[in-house]
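A short worksheet on the structure shown next.
The values are calculated or read from the model by the stated rules, or taken from the named source; none is laboratory data. Note that the coordinates shown come from a computational prediction; the quantities given were computed from them, not determined experimentally. Positions of Cβ are generated from backbone atoms using ideal geometry, with glycine treated the same way; all protein chains shown enter the neighbour counts.
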Amino acid sequence: MSVAVKICGITRTDDAALAAGAGADYLGLNFWPGSKRHVTVAAACPLADAARAAASGVRLVGLFVDQPADVIIAAAVALALDAVQLHGDEPPELVAALTTAGLVVWKAHAVRDAATVAGLSAWPAAAHVLDAPSPGRGGSGARFDWALATAAVAAGHRVVLAGGLTADNVAAAIAQVQPFAVDVASGVESAPGHKDPARMRAFLAAARGVD
């Protein structure tokens, strides 16, 4: 199956251009001030420009954590974001409100057990990002039990698999889970927010089954 690849936590224009040019389907821009990969909307503008200049079809996802709807909408409009990813404790009502406002909303969930999967239907999201629990709200490099993600896919959810993915394990993750997309941050970095070109290319090749 064809699985989309999202490279998250882009902070540098060179990384944005390289990731897009190498074939990433989605790039993630993190607008949560508590993140090691945080960017402001102003700082994200040249990142978006660099990505779209390198590949016109690349899609940009803005990541937010418990931020007000007006902040999320303003950023989405300013950058023409293709989706917004809510990575905090946002209620289903906020997902619904943002969707009604015309945004494509992905809801992230820290997967602890089967109860997390059972509760996904409460959020009317276009996709569910399944990640390992972490104080940093993702990007920790930790993974969770992929069987839970497999169960989410079997239940009919559109799953973006995150958490501890690298070039060494992403093919196995895709084979087991069959997600809509895979999402990587620390697995292609030399330091938080600094993408490693060789690791990005290796991850993309592995995700697409290219030797």
| message | Regarding the range 63-72, can at least one residue be identified that is touching a helix residue (DSSP H, G or I) at 6+ places or on another chain (Cβ under 8 Å), at positive phi and among the small types (Gly, Ala, Ser)? | response | no
| said: So in the range 170-187, with the set limited to residues that are outside any strand (DSSP E or B) and in contact with a Ser or Thr (Cβ under 8 Å, 6 or more places away or on another chain), which one is surrounded by the most Cβ atoms within 10 Å (Cβ to Cβ)? | reply: 187
| field | Single residue of the range 152-161 satisfying the filter (crowded, with 19+ Cβ neighbours inside 10 Å and either at pLDDT below 95 or in contact with a His (Cβ under 9 Å, 6 or more places away or on another chain) (or both)) that is nearest to residue 14 (Cα to Cα) | value | 160
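Tell me, please, whether a residue that is under 23 Å from residue 179 (Cα atoms) and surrounded by 21 or more Cβ atoms within 10 Å (Cβ to Cβ) can be found in the range 29-45.
First, the residues of the range 29-45 that are under 23 Å from residue 179 (Cα atoms): 29-30.
With the extra rule that they be surrounded by 21 or more Cβ atoms within 10 Å (Cβ to Cβ), the set shrinks to 29-30.
Scanning the range 29-45, I find at least one residue that is under 23 Å from residue 179 (Cα atoms) and surrounded by 21 or more Cβ atoms within 10 Å (Cβ to Cβ), so the answer is yes.
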| task | Tell me which residues, restricted to the range 73-89, are crowded, with 21+ Cβ neighbours inside 10 Å and either more than 16 Å from the chain's Cα centre (by Cα) or of a type outside the set (A, V, I, L, M, F, W, C) (or both). | result | 85, 87
| Identity of the residue in the range 1-16, out of contact with any Gly (no Cβ under 7 Å at 6 or more places or on another chain) and of a type outside the set (A, V, I, L, M), that ends up surrounded by the most Cβ atoms within 10 Å (Cβ to Cβ) | 15
| query | If you check residue 24 against the conditions, is it assigned to a helix (DSSP H, G or I) and of a type in the set (A, V, I, L, M)? | reply | no
| Among (1) hydrophobic (A, V, I, L, M, F, W, C); (2) in contact with a Ser or Thr (Cβ under 7 Å, 6 or more places away or on another chain); (3) assigned to a loop (DSSP other than H, G, I, E, B), which single condition is residue 47 missing? | (3)
